Amino acid sequence: MRTQAIRVAPSLLACDLLNLASEVQKMEAARADLLHVDVMDGHFVANLSFGLPLVAALSQMTALPLDVHLMIANPQTMAVRYRDAGAARVTFHCEVQADVRTIIAALKARGSMVGLALNPPTPAEAVFPYLDELDMITVMAVTPGFGGQAFMPSVLPKVSALRARIGSRAIDLGVDGGIDANTGRQAVAAGANLLIAGTYVCAAPDRAAAMDQLRRGTC
Ligand code: DX5
Ligand code: ZN
């Protein structure tokens, strides 16, 4: 039985970047639950996107919690800086060559909520050792680096396995990449309670309606 409400975190990556302030205001008006900020370093993923200055600027202009997704190779030095810049929650990838537990502890010491993300080929078991320390787990349904990619249904069993393993822990289980009304429903049916969506929400003529539709994705 599902006990957690489904929440939606629109990704800014698909927004009109030349009008970012107005885009954020539109997301607030459309009742986004969180604002997902994709940080890429050109090393961990084959693309560059946003960085610390943007997170700092966003934190000054919106009350929406900033959900910062670090697709970077060196979270051991950078993750806490994103917290200091104003992130409410910081998610980094469990595939990084770094001491995951140390990074989690450093973020927690600064009062941050902490998430771990898994790339499509990474098994659920990779995050099992950290469950008692996490606030969020993000299952990538695309190879990270770019918005607008097709959802990989092959990750759904991993979502279910994580939901089962999470048990009664207060951990948000998110799915990121290729989320629309149809794939969002599948993700929720598999056990997700947080849907991260860029293209679908940003392109919707009525973003509030699009996010409400995602929230209704009951199984
Ligand atoms: C992919 C990012 C996603 C992306 C989602 O690297 O982590 O958050 O912005 O965008 P869509 O919804 O377009 O797949
Ligand atoms: Zn993301």
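Figures for the structure shown
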{"quantity": "Cross-chain or 6+ apart pairs with Cβ under 6 Å, region 146-165 first and over 14 Å from PRO120 (Cα atoms), then surrounded by fewer than 19 Cβ atoms within 10 Å (Cβ to Cβ) and of a type outside the set (S, T, N, Q)", "calculated": "GLY147/ALA14"}
{"quantity": "Given (1) at negative phi; (2) more than 13 Å from ligand 1 (Cβ to nearest atom), number of the condition MET152 does not satisfy", "calculated": "(2)"}
{"quantity": "Pairs where the first residue, in region 4-26, is more than 15 Å from ligand 1 (Cβ to nearest atom) and the second is open to solvent by 10 Å² or more (accessible area, probe 1.4 Å) and in a helix (DSSP H, G or I), C-beta under 6 Å, 6+ apart", "calculated": "ILE6/ARG215"}
{"quantity": "Top-ranked residue of region 27-44 - restricted to ones that are in contact (Cβ under 8 Å) with a residue 24 or more places away in the chain and assigned to a loop (DSSP other than H, G, I, E, B), ranked as most open to solvent (accessible area, probe 1.4 Å)", "calculated": "HIS43"}
{"quantity": "Complete set of residues in region 1-22 that are of a type outside the set (Gly, Ala, Ser), more than 16 Å from ligand 2 (Cβ to nearest atom) and not in a loop (DSSP other than H, G, I, E, B)", "calculated": "LEU18, ASN19, LEU20"}
{"quantity": "Hey, GLU125 part of a helix (DSSP H, G or I), more than 19 Å from GLY198 (Cα to Cα) and either at pLDDT below 95 or open to solvent by 10 Å² or more (accessible area, probe 1.4 Å) (or both) or not", "calculated": "yes"}
{"quantity": "Only listed residue being of a type outside the set (Asp, Glu) and more than 24 Å from ALA46 (Cα to Cα), chosen from PRO153, PRO129", "calculated": "PRO129"}
{"quantity": "Candidate set: region 53-89, residues that are of a type in the set (Gly, Ala, Ser) and in contact with an Asp or Glu (Cβ under 8 Å, 6 or more places away or on another chain); chosen: the one least open to solvent (accessible area, probe 1.4 Å)", "calculated": "ALA87"}
{"quantity": "Options PHE92, PHE151, PHE128: the member that is in contact with a strand residue (DSSP E or B) (Cβ under 6 Å, 6 or more places away or on another chain) and of a type in the set (Phe, Trp, Tyr)", "calculated": "PHE92"}
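The values are calculated or read from the model by the stated rules, or taken from the named source; none is laboratory data. No experiment lies behind these values; they were computed from the predicted model shown. Every residue, glycine as well, gets a Cβ built from its backbone with ideal geometry; the counts of neighbours run over all protein chains shown. These accessible areas exclude ligands, DNA and RNA; they are computed on the full protein's heavy atoms, side chains included. Shrake-Rupley method; radii C 1.70, N 1.55, O 1.52, S 1.80 Å.
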